[in-house]
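Working notes, beginning with the structure itself.
The values are calculated or read from the model by the stated rules, or taken from the named source; none is laboratory data. Given the structure is predicted, the values throughout are model-derived calculations rather than measurements. Please note: Cβ atoms are built from the backbone with ideal geometry, for glycine as well, and neighbour counts cover all protein chains shown.
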Amino acid sequence: MGPNVRGAGSVSSGEMTVITSGVGRPAGVDTEVRSTRPYVPTLVLAATTGWLLWVGADTLMATGRLGATLAGGWTELAGPGFLAVVAAAVVCERIWPAQRRPLLAAGHIQDACFFVVYASCVVPIMTLLGVAFASLLGSHAGWMEATWTASWPLWLLVPLTLVAMDGANWLAHVADHRITALWRLHGVHHSQEELSVLTSFRAHPLVHITGFFLATIPVLFLMGDRPLAPVLITAYVCLGTLPHANVGWSFGFLGKLLVSPAYHRIHHSVDGPHGANLGIVLTIWDVLASRAVFPTAQSPVSVTGLVGRPLSVEQTDPRSPLPMLIGQLLEPFGQRPIIDQPTGPPKTR
């Protein structure tokens with residue numbers, strides 16, 4: 001859960017999409033398919049998300065907890081503690097930038113617009129999705145709950161749950177890159193060519209469904225009806241947000257365990273190893289899947305964005321931020337094609 005962090009424990013079919021030659025285009029891709037027809041799988045995801053939001057809201061209204069739960073979700077995901085961490089990261093980007101840019105660079109302004117969408121729409125969506133999946137799984141898959149963990153000490157159970165939840169989020173990220181309908185939504189996040197901590201908020205509101213479903217499973221299995229402390233959710237979201245910061249930090253020896261900005265930038269690279277560094281907070285899942293590419297002191301600063309610019313980007317689009325934002329949110333539904341990302345193990349050049 002979080003800006004671009006999937007579930008955090010609050011409890012293909014269709015047309016081919018390939019692009020023509022363009023900036024940073026890989027060799028051998030020279031076919032173009034363009035269509036203005038709606039992309040049906042993405043519309044189905046939108047309808048499914050709408051139904052889940054109704055389930056979550058109805059569940060909370062039945063118990064009179066709708067307002068309190070939404071307020072609690074905002075505190076966890078966009079409260080003062082989280083905003084303080086983001087603000088500190090912005091300051092660090094000005095002092096130790098990986099790539100020096102103006103404070104009001106086009107990418108930063110556009111990501112600030114995405115933050116408004118995040119705070120006003122995405123946080124409630126994530127909160128209600130968490131409630132919906134917890135309710136549905138608790139009602140129809142109660143057998144999942146491991147009652148024998150009730151006697152486990154919290155100092156063991158909570159870290160284990162957070163690690164399992166991070167693994168579920170990693171699987172959701174893999175799905176985002178492997179399944180076309182999900183990638184069309186996730187591609188909005190990858191379109192940023194001026195990566196910064198604010199890019200964490202550049203996420204399509206419909207992209208969270210897979211992450212929340214998968215992340216709810218280990219939480220329900222291990223914790224049952226015991227909630228994770230809100231401060232732990234906020235800490236997890238912060239750790240998943242900082243890797244987008246425009247700094248060259250690799251976290252030293254901790255970078256072998258935690259996803260650092262230098263590590264995650266490789267994932268956003270236009271011409272780097274494909275399919276690499278999908279981790280959200282922990283690198284262990286990439287290591288186990290042979291997808292980890294750790295930065296070195298000699299590593300160049302990666303150029304970020306999507307190959308060939310299949311989505312509109314503010315660096316070249318003449319539209320003002322608001323029309324640009326609306327266009328970027330609509331494009332996954334079929335206005336423009338989005339190139340599929342390579343999904344196999346990383347291949348170095």
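Can you tell me which residues in the range 127-147 are touching a Leu at 6+ places or on another chain (Cβ under 7 Å) and surrounded by 24 or more Cβ atoms within 10 Å (Cβ to Cβ)?
Result: 127, 128, 129, 131, 132.
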Notebook entry, point to check: Picking from 80, 38, which residue would you name as being surrounded by fewer than 11 Cβ atoms within 10 Å (Cβ to Cβ) and either modelled with pLDDT under 95 or on the phi < 0 side of the Ramachandran plot (or both)?
Noted result: 80
Check: With respect to residue 162, is the statement that it is in contact with a helix residue (DSSP H, G or I) (Cβ under 7 Å, 6 or more places away or on another chain), under 18 Å from residue 223 (Cβ atoms) and at pLDDT 95 or above true?
Finding: yes
Check: Exactly one of (1) in contact with a Pro (Cβ under 7 Å, 6 or more places away or on another chain); (2) closer than 24 Å to residue 230 by Cα is unmet by residue 181. Its number?
Finding: (2)
Checklist line | Single unsatisfied condition, residue 117 versus (1) more than 30 Å from residue 58 (Cα to Cα); (2) under 15 Å from the mean Cα position of the chain (by Cα); (3) modelled with pLDDT of 95 or more | finding: (1)
Notebook entry, point to check: Can you tell me how many residues in the range 311-324 are surrounded by 19 or more Cβ atoms within 10 Å (Cβ to Cβ) and at pLDDT 90 or above?
Noted result: 3
Checklist line | Residues of the range 55-70 satisfying the condition of being in a helix (DSSP H, G or I) and surrounded by 12 or more Cβ atoms within 10 Å (Cβ to Cβ) | finding: 55, 56, 57, 58, 59, 60, 66, 69, 70
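Taking the criterion of being among the acidic types (Asp, Glu), at negative phi and modelled with pLDDT under 90, would at least one residue in the range 336-344 satisfy it? Outline the logic, then answer.
Within the range 336-344, the first condition is being among the acidic types (Asp, Glu), and the residues that meet it are 340.
Still in the list and also at negative phi: 340.
From what is left, the residues that are modelled with pLDDT under 90 are 340.
Scanning the range 336-344, I find at least one residue that is among the acidic types (Asp, Glu), at negative phi and modelled with pLDDT under 90, so the answer is yes.
Please find, among 264, 274, the residue that is at pLDDT 95 or above and touching a Pro at 6+ places or on another chain (Cβ under 7 Å).
Numbers: 274 fails: at pLDDT 95 or above.
Going through 264, 274 in turn, the sole match is 264.
For residue 218, are the conditions met, namely being in a helix (DSSP H, G or I) and over 13 Å from the mean Cα position of the chain (by Cα)? Steps first, answer last, please.
Details: in a helix (DSSP H, G or I): yes; over 13 Å from the mean Cα position of the chain (by Cα): yes.
The answer is yes for residue 218.
Is one or more of the residues making up the range 93-104 buried (at least 16 other Cβ atoms within 10 Å of the Cβ) and of a type in the set (Val, Ile, Thr)?
Within the range 93-104, the subset buried (at least 16 other Cβ atoms within 10 Å of the Cβ) is 93, 98-99, 101.
Still in the list and also of a type in the set (Val, Ile, Thr): none.
No.
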Next item on the list: Identify, from the list 307, 287, 231, the residue that is more than 30 Å from residue 160 (Cα to Cα) and either among the aliphatic types (A, V, I, L, M) or not in a loop (DSSP other than H, G, I, E, B) (or both).
Entry: 307
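Quick grid of which residues meet (1) at pLDDT below 95; (2) in contact with a Pro (Cβ under 7 Å, 6 or more places away or on another chain); (3) among the β-branched types (Val, Ile, Thr):
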{"residue": "94", "(1), (2), (3)": "no, no, no"}
{"residue": "122", "(1), (2), (3)": "no, yes, yes"}
{"residue": "142", "(1), (2), (3)": "yes, no, no"}
{"residue": "145", "(1), (2), (3)": "yes, no, no"}
{"residue": "148", "(1), (2), (3)": "yes, no, no"}
{"residue": "168", "(1), (2), (3)": "no, yes, no"}
{"residue": "172", "(1), (2), (3)": "no, no, no"}
Note to self: Looking only at the range 101-141, count every residue that is farther than 16 Å from residue 201 by Cβ and among the aromatic types (Phe, Trp, Tyr) and tell me the total.
What the structure shows: 1
Checklist line | Residue check for residue 240: surrounded by 24 or more Cβ atoms within 10 Å (Cβ to Cβ), at pLDDT below 95 and under 30 Å from residue 296 (Cα atoms) | finding: no
Next item on the list: Hey, could you check the range 290-304 for residues that are in a loop (DSSP other than H, G, I, E, B) and in contact with a strand residue (DSSP E or B) (Cβ under 9 Å, 6 or more places away or on another chain) and say which is farthest from residue 332 (Cα to Cα)?
Entry: 302
